[in-house]
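The values are calculated or read from the model by the stated rules, or taken from the named source; none is laboratory data. These numbers were taken from a predicted model, which means no experiment stands behind them. Here Cβ is always computed from backbone atoms with ideal geometry, including for glycine, and neighbour counts include all displayed protein chains. Areas reflect the complete protein model, heavy atoms only, side chains present, ligands, DNA and RNA absent. Shrake-Rupley method; radii C 1.70, N 1.55, O 1.52, S 1.80 Å.
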Amino acid sequence: MPVQTGRWRQRAMALALLGASGCSNEPTLLTTGSAMVLATDRDLPRRPWVPPANAPPGKPGKPLASRALSLREAVARAVEYSPAVKAAYSEIDARMADAAQASYKPNPQLSVEVENFGGSQSKAAFDQAETTVGLSQVIELGDKRVKRLAAARLEASLAGWDYEMARVLAASRVADAFVDVLAAKERLAVLEDFARIAEVVRSGVDERVRGGKASAIDLDRAVVGTARAKALADSERLKFEAARAKLAALWGAEKPDFQTATGRLGQNRRVPTLFAVRALLDGNPQLARWSDELNRRNAALSLERSKGVPDLTVGAGVRQLNDDNATALVASVSVPLKVFDGNQGAIAAAERRAAKANFEADAVRNELVSSLVETLGELAASNAQVTAFESRVLPAAQSAFDRTRIGYDEGKFDFLNVLDTQRSLFEVRLDLVNARANYEKARVKVEALIGRDLTTFENSAPSHSKPEGR
């Protein structure tokens with residue numbers, strides 16, 4: 001079947017989204033190196049969608065509120081319930097029906113002709129009329145039916161590519177939203193830790209004030225810092241709930257039907273070179289479809305040329321001659337004279353469109369290469385930022401906070417130094433979470449473009465995450 005061919009289709013949904021492959025630490029999903037590969041073609045639904053029993057049409061029927069949601073489950077649910085994917089699949093069936101219609105021959109025509117009545121003299125009455133019953137058939141010449149069917153089948157193949165693109169887009173969107181949930185979850189954990197440590201610091205300052213070792217103004221500052229930390233945590237908690245709701249909405253849920261998301265940002269990072277991945281763009285549905293599109297336009301050109309060949313109409317019948325009650329056979333053959341219309345305009349238009357396809361394919365390739373170059377740049381920049389924060393910035397910020405806090409207890413530093421290093425530490429931790437999220441979002445884009453898990457590239461140096469600050 002034309003719509004099921006091509007290497008991309010075997011791994012279209014293993015796509016990079018699957019790309020937040022670095023987001024997971026679930027061993028049951030490890031199928032390629034240490035990275036997570038989501039559902040493949042055989043895992044995700046390809047048949048028309050059927051709603052679960054007792055579930056409203058178009059709505060998920062299996063709640064996940066009692067457990068965490070994995071990226072694999074999120075993508076599978078989004079693709080299964082995506083109206084765009086279901087519409088694209090229906091279009092395949094419609095195009096196949098068009099192909100079936102294109103295979104039919106023209107219907108024969110039955111005609112009844114009555115003549116020589118209602119006139120004058122002997123032809124005034126109906127008893128002198130002559131009746132002819134005939135059957136005619138158009139015989140298509142120039143292999144029109146074969147060429148029409150070939151063009152229709154290629155239309156169905158293009159609908160298959162549109163279906164693949166709809167699946168990839170749905171999976172990409174949910175993977176991107178899944179990264180947002182994980183990022184909000186990790187930022188919330190950082191801010192809750194910030195609030196907890198701020199409370200510990202406040203308690204310590206309170207004891208020092210009561211012991212006469214610190215001024216009351218230090219306590220006021222500690223109280224303000226603690227309140228600010230709690231307010232930031234409360235705000236991030238609302239953002240986390242909004243990210244959950246946005247993710248659940250992608251499969252039609254009216255409210256989040258899961259408690260949290262599993263995985264961790266920035267694991268098993270890879271930054272492949274453009275040379276290593278550029279050739280994989282040929283499998284991208286946006287570009288791969290142009291091979292079928294070029295064939296379809298050539299088939300349309302061949303069909304238009306065949307329409308320039310006149311069809312033959314043959315007929316036969318029986319005539320009743322009422323004047324002597326005799327019968328006779330009649331036969332006819334007709335063919336249009338190609339004097340004015342030889343379908344020249346349609347042929348010329350089809351020729352231009354066939355030539356245009358090569359330029360359009362090149363334009364799509366250039367656009368995809370440009371997107372890949374830009375996204376690889378984002379990937380490299382985010383990876384470098386994460387590496388720098390993990391190896392240098394975060395350890396330094398943690399050390400500065402620890403030393404300042406101990407120095408304050410020993411009376412060596414002012415409390416403002418403690419607040420400053422504390423704020424700097426948690427800003428660095430938040431920046432690290434954001435950098436990891438940016439890496440994962442870029443990773444989703446790259447893997448969606450090339451249809452390959454980045455951990456499969458041996459020439460990419462891995463960057464392993466280090467423990468965060470306390």
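What is the distance in Å between the Cα centres of the stretch 209-234 and the stretch 350-392?
If we compute the Cα centre of each part, the gap is 50 Å.
Given the peptides 283-289, 437-443, 158-164, arrange them by the average over their residues of other C-beta atoms within 10 Å, most packed first.
437-443, 158-164, 283-289
Take the Cβ-Cβ distance between residue 420 and residue 189 as r, set R0 to 25 Å, and report the resulting FRET efficiency rounded to the nearest 0.05.
Working from the Cβ atoms, E equals 0.65.
Averaged over all directions, how much area does the convex hull of the C-alpha atoms of the stretch 116-218 cover when projected, in nm²?
Working: hull surface 79.4 nm².
Dividing the Cα hull surface by four gives the mean projection, 19.8 nm².
Rounding to the nearest 20 debye, state how big the charge dipole of the stretch 194-346 is about its Cα centre with +1 on each Lys and Arg Cβ and -1 on each Asp and Glu Cβ.
In debye, rounded to 20, the stretch 194-346 gives about 1280.
PRE reach from residue 314 (point 7 Å along Cα→Cβ): which of the stretch 124-166 fall under 18 Å by backbone N?
Under cut-off, by backbone N: 134-145.
Around residue 70, which amide H atoms from residues at least 5 apart in sequence, or from another chain, sit under 5 Å from its own amide H, with H modelled in the peptide plane?
262
Set the Förster radius R0 to 56 Å, insert the Cβ-Cβ distance between residue 139 and residue 282 as r into 1/(1 + (r/R0)^6), and round the FRET efficiency to 0.05.
The formula returns an efficiency of 0.80 here.
Determine the alpha carbon to alpha carbon distance for each of 185/255; 144/338; 147/356; 86/356; 239/441; 356/441 and list only those over 23 Å.
86/356; 356/441
Would you grab the residues whose amide H sits under 5 Å from the one on residue 271? Only those 5+ places off in sequence or on another chain, please, with H modelled 1.01 Å from N.
It is 461, by chain and number.
Note the full-extension length gain between residue 107 and residue 206 as 0.36 nm times their separation in residues minus their Cα-Cα distance, in nm to one decimal.
On the way: separation 99, 0.36 × 99 = 35.64 nm, distance 9.63 nm.
Residue separation times 0.36 nm, minus the Cα-Cα distance, leaves 26.0 nm.
When averaged across all projection directions, what area in nm² does the alpha-carbon convex hull of the stretch 342-381 cover?
2.6
Work out the P(r) tail for the stretch 366-430: percent of alpha carbon pairs separated by more than 14 Å, whole number. Don't skip to the end; give the middle numbers.
Details: 1371 of 2080 pairs.
Everything past 14 Å amounts to 66 percent.
Quick one: accessible area per residue over the stretch 203-266, 1.4 Å probe, rounded to a whole number of Å²?
On a per-residue basis, the stretch 203-266 sits at 54 Å².
For residue 335 paired with residue 362, estimate the spin-label separation in nm (one decimal), with each label point 7 Å from Cα along the Cα-to-Cβ line.
Here the answer is 4.3 nm between the modelled labels.
Pulled fully out, how much extra length does the chain show between residue 348 and residue 369, if you take 0.36 nm times their separation in residues and subtract their Cα-Cα distance?
Between residue 348 and residue 369, full extension yields 4.3 nm more.
Sort the following peptides by mean Cβ neighbour count (other Cβ atoms within 10 Å, averaged over residues), highest first: 140-146, 88-94, 294-300.
Ranking the peptides 140-146, 88-94, 294-300 by packing returns 294-300, 88-94, 140-146.
Taking 4 °C and 1.567 mPa s as the conditions, I'd like the Stokes-Einstein D for the stretch 179-253 in µm²/s, using the Kirkwood hydrodynamic radius from alpha carbon pairs. Don't jump to the answer; show the numbers that get you there.
Numbers: Rh = 13.9 Å.
For these conditions, the coefficient is 93 µm²/s.
Which distance in nm do the two modelled labels at residue 237 and residue 115 give, with both placed 7 Å along the Cα-to-Cβ direction?
9.4
Search the structure for amide H atoms under 5 Å from the amide H of residue 330, placed 1.01 Å from N in the peptide plane, and list their residues when 5 or more places away or on another chain.
Amide H neighbours of residue 330, under 5 Å, 5+ apart: 317, 318, 319.
With +1 assigned to the C-beta of every Lys and Arg and -1 to the C-beta of every Asp and Glu, and no other charges, what is the dipole magnitude of the stretch 94-243 about the Cα centre in debye, to the nearest 20? Numbers along the way, then the final one.
Details: 22 positive and 23 negative charges, 147 e Å.
Magnitude of the dipole: close to 700 debye.
Which FRET efficiency value, to the nearest 0.05, do you get for residue 196 and residue 291 by plugging their Cβ-Cβ distance into 1/(1 + (r/R0)^6) with R0 = 45 Å?
Details: r = 58 Å, r/R0 = 1.30.
Efficiency, from the Cβ-Cβ distance: 0.15.
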